[in-house]
Amino acid sequence: MPISLCPRHPRFWHSDGNLLIQVENTQYKLHRYLFNKAKNFPALWVSSAGNSFDNPFYMSESKTDFDRFLSVLYPTDYSEHECRTTEEWTSVLSLANQWGMESVRRLAVKHLAACAGPVDKIALGHRYNIPEWLAPAYLALAMRREAITGAEGAKMGVEALVRIGALKDEVFANLTEYVDQEKFSQLFASKMAI
């Protein structure tokens, strides 16, 4: 659809903006300087794309992901962010990582550390190179009583499932090395006393 026929984004159309972007038939007019820290987004300033209605910068990213990312760059409240869920912060992390925007990436990682569960931390930790999440997340799943669901396994991948299985086998095969024998004896005695 020609950009002249595309609706303007109700929030991310800034009359003083100098970068015209089209995402999924929606127009954005943004400030080019906000993208100056993007290491992997050179087309914004190397080419003439995005300078006029006749030559907008077309992006293939999803509108939802792009809006979430822009909500970080253009917050409505500086004291807190609009993104709250793992899915929302993953959108931000994905684009920040893709474009090499390190400070936005660090922000997304910080918020994901607080809201993501172990399955997401394993999947995202491997995809976006966040090694500090992996050991605690693997341990949490290895010690979890509930079985890993098909959806969780699909999200993490076969390699992660194999690692979790190996951890469980190691723990249960060598249970006596990991359990305090004296505490176990006391627990056993108390449970056997009727």
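Read-outs: derived from the displayed coordinates by stated rules, not from any lab. Keep in mind that this is a model prediction, so the values were computed, not measured. In this analysis, Cβ positions are derived from the backbone assuming ideal geometry, glycine residues included, and neighbour counts consider all displayed protein chains.
Structure values in brief
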| quantity | calculated |
| --- | --- |
| Pairwise label distance in nanometres, A114 with N174, each label 7 Å out on the Cα-Cβ vector | 3.7 nm |
| Rounded FRET efficiency, nearest 0.05, which uses the C-beta distance separating R84 from N18 and R0 of 30 Å | 0.45 |
| The chain - convex hull of the alpha-carbon atoms, volume per residue in Å³ | 181 Å³ |
| Estimated FRET transfer efficiency when R0 is 30 angstrom, pair S62-R8 (beta carbons, to 0.05) | 0.95 |
| Charge dipole (the chain, unit charges on Cβ, about Cα centre) - positive-most of P56, A166, A154 | P56 |
| Cα-projected label distance for Q186 with M143, points at 7 Å along beta-carbon direction, nm | 1.9 nm |
| Relative packing of peptides 153-162, 77-86 - highest average C-beta neighbours within 10 Å first | 153-162, 77-86 |
| Peptides ranked, highest mean first, by Cβ atoms within 10 Å: ranges 96-109, 128-141 | 96-109, 128-141 |
| Helix 86-99 vs. the chain, principal-axis angle (Cα, 0 to 90°, nearest 10) | 60 degrees |
| 0 to 90° range, to nearest 10: angle between helix 118-127 axis and the chain longest Cα axis | 50 degrees |
| Potential lengthening between R106 and Y74 on full extension [0.36 nm per residue; Cα-Cα distance subtracted] | 9.8 nm |
